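What follows is a single structure, written as structure tokens, with notes after it.
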Amino acid sequence: LPDALSMTIYCLYGVGIETERAYYYKKSNASSEEDLPFLMDSTVHDPTNNIRFGTKFSDGDVSVPLVSLGYMCVDGWKDNKRLNPSAVRVFTREFLHQEEFRVNDPM
């Protein structure tokens, strides 16, 4: 971060929507070097741990998991002198998802 004592960083992001976080893979039976050596393993299924058909889900904003959204705001920039040498103020706010309306596309 720059040496700007009057600067404030605002970290604003949404939470409360199930978001893809990790994937389970298995080795493929690649017949040539052009085939992918790994495939997604859709047999891994444990709904009690938020794992469905090879995909692990967690809280987020539907595109990025919360652990990635808030990491730099809560940990990286706030208390790290190397990343924030001027101790620039960091304001973090999470917005809980609230569905207001839904548009049904007839197409």
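The values are calculated or read from the model by the stated rules, or taken from the named source; none is laboratory data. Not measured: the values here are computed from a predicted model. Don't worry about glycine lacking a Cβ; one is built from the backbone with ideal geometry, like all the others, and counts go over all protein chains shown. Please note that ligands, DNA and RNA were not included when accessible areas were found on the heavy atoms of the full protein model with its side chains. Shrake-Rupley method; radii C 1.70, N 1.55, O 1.52, S 1.80 Å.
Overview of results
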{"item": "Region 3-107, accessible area per residue, ligands and nucleic acids excluded (1.4 Å, Å²)", "result": "79 Å²"}
{"item": "For region 49-107: Kirkwood Rh in Å [reciprocal of mean 1/r, alpha carbons]", "result": "14.8 Å"}
{"item": "Exposed-loop-free span, longest in the chain, where trypsin sites (Lys or Arg not before Pro) count as exposed if DSSP calls them loop and at most 11 other C-beta atoms lie within 10 Å", "result": "1-80"}
{"item": "Bridge type composition, the chain - antiparallel percent by DSSP, nearest 5", "result": "60 percent"}
{"item": "Low-density loop cleavage sites - chymotrypsin sites (Phe, Trp or Tyr not before Pro) in the chain, where at most 10 other Cβ are within 10 Å (DSSP)", "result": "F101"}
{"item": "Size of charge dipole - the chain - debye, nearest 20, with Cβ of Lys, Arg +1 and Asp, Glu -1, no other charges", "result": "480 debye"}
{"item": "Theoretical gain in end-to-end length, D35 to L5 [0.36 nm per residue, Cα-Cα removed]", "result": "5.5 nm"}
{"item": "Per principal axis, descending, Cα span of the chain in whole Å", "result": "58, 42, 32"}
{"item": "Choice from A22, A30, A87 showing the highest fluctuation, given a GNM over the chain with Cα pairs closer than 10 Å", "result": "A30"}
{"item": "Dipole magnitude of region 47-93, debye to nearest 20 (Cβ charges: Lys/Arg +1, Asp/Glu -1, about Cα centre)", "result": "140 debye"}
{"item": "Accessible heavy-atom area order of V103, V74, V44, V90, highest first, probe of 1.4 Å", "result": "V103, V74, V44, V90"}
{"item": "Value at 222 nm in deg cm²/dmol, rounded to 500, when DSSP H runs of n ≥ 4 in the chain each add -39,500 (n - 2.57)", "result": "-500 deg cm²/dmol"}
{"item": "Partners for K56 among lysines (Cα-Cα distance below 18 Å; same-chain residues under 8 apart left out)", "result": "K26"}
{"item": "Whole-percent carbon and sulfur share, accessible surface of the chain, 1.4 Å", "result": "53 percent"}
{"item": "Signed unit charges on C-beta, dipole axis of the chain, positive-most listed residue I17, T92, V67", "result": "T92"}
{"item": "Cα convex hull volume per residue for region 1-52 (Å³)", "result": "172 Å³"}
